[in-house]
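Data first, discussion second: the structure below is written as structure tokens.
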Amino acid sequence: MVNKRFMELVKRQMNKECPIIKPRDPKPPKLGLTQILERDENGKPKLDLTPLEGTAVHVPTQEECDELMQVYELGDWKWCGGDLPTSLNHWYKEETCVDAGIGFLNKKEKQFGYGDNEFYIKENLKVLSTSEFYDIEKINLEMRKEINKYFESKNL
């Protein structure tokens, strides 16, 4: 049994006098969550992060590091070499720390490096947990879920 509405649509599309209507602007994919974050014209979430001088974020697991790199990327931050945060993996052990938006050596805003927790402590720099960093930047769990869903949809 054929659906009548489907057959009418097929007939319309075969009729040369009836133009096929296409959407003008592609919409970002549905993420299955209520959208909290502002998005650019391509549907990419945007974050307005405050670079913190003299501060690093401790990322004791690969998962915490990956999530932080996603946040940094949406804040338009880059590794001190200019690479996107999610393009390189510098997590190497439980003591890994990442600058909080101003590189310790180059002092440029929105550029960061990484090192060992002990290095930052010896240099008398503040070391935050990821949750402390997210609190300062006002990034809640729902926002982090939305960010994660965005990056998951990019990798499909």
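Scanning for something over 15 Å from Y134 (Cβ atoms) and either in contact with a Lys or Arg (Cβ under 7 Å, 6 or more places away or on another chain) or among the acidic types (D, E) (or both), does the stretch 55-65 turn up at least one residue? Scanning the stretch 55-65, I find no residue that is over 15 Å from Y134 (Cβ atoms) and either in contact with a Lys or Arg (Cβ under 7 Å, 6 or more places away or on another chain) or among the acidic types (D, E) (or both), so the answer is no.
Are any of the residues in the stretch 83-92 of a type in the set (D, E, K, R) and in contact (Cβ under 8 Å) with a residue 12 or more places away in the chain?
Within the stretch 83-92, not a single residue is of a type in the set (D, E, K, R) and in contact (Cβ under 8 Å) with a residue 12 or more places away in the chain.
Does G81 fit the bill of being assigned to a strand (DSSP E or B) and either surrounded by fewer than 18 Cβ atoms within 10 Å (Cβ to Cβ) or not β-branched (V, I, T) (or both)? Answer is no for this residue. Only one of the numbered conditions (1) surrounded by 14 or more Cβ atoms within 10 Å (Cβ to Cβ); (2) free of Cβ contacts under 8 Å to residues at least 24 places away in the same chain; (3) farther than 21 Å from K78 by Cα; (4) of a type outside the set (F, W, Y) is not met by E118, and that is (1).
Close contacts from the stretch 35-51, counting a first residue that is closer than 17 Å to F133 by Cβ and touching a residue at least 40 places away in the same chain (Cβ under 8 Å) and a second that is in a loop (DSSP other than H, G, I, E, B) and among the acidic types (D, E), with Cβ to Cβ under 9 Å and a gap of 6+ residues or different chains, come to L47/E38; L47/D76; L49/D76. Taking the numbered list (1) under 15 Å from the mean Cα position of the chain (by Cα); (2) modelled with pLDDT of 95 or more; (3) buried (at least 19 other Cβ atoms within 10 Å of the Cβ) in turn, G101 passes all entries but (2).
In the set F104, F133, F151, only one residue is under 15 Å from L49 (Cα atoms) and in contact (Cβ under 8 Å) with a residue 40 or more places away in the chain; that residue is F133. Output yes when any residue across the stretch 25-37 is surrounded by 10 or more Cβ atoms within 10 Å (Cβ to Cβ) and modelled with pLDDT of 90 or more, and no when none is. So far as the stretch 25-37 goes, yes, one or more of its residues are surrounded by 10 or more Cβ atoms within 10 Å (Cβ to Cβ) and modelled with pLDDT of 90 or more.
The values are calculated or read from the model by the stated rules, or taken from the named source; none is laboratory data. Quick caveat, the model's predicted, so the values are computed rather than measured. Cβ atoms come from the backbone with ideal geometry, glycine included; neighbour counts cover every protein chain shown.
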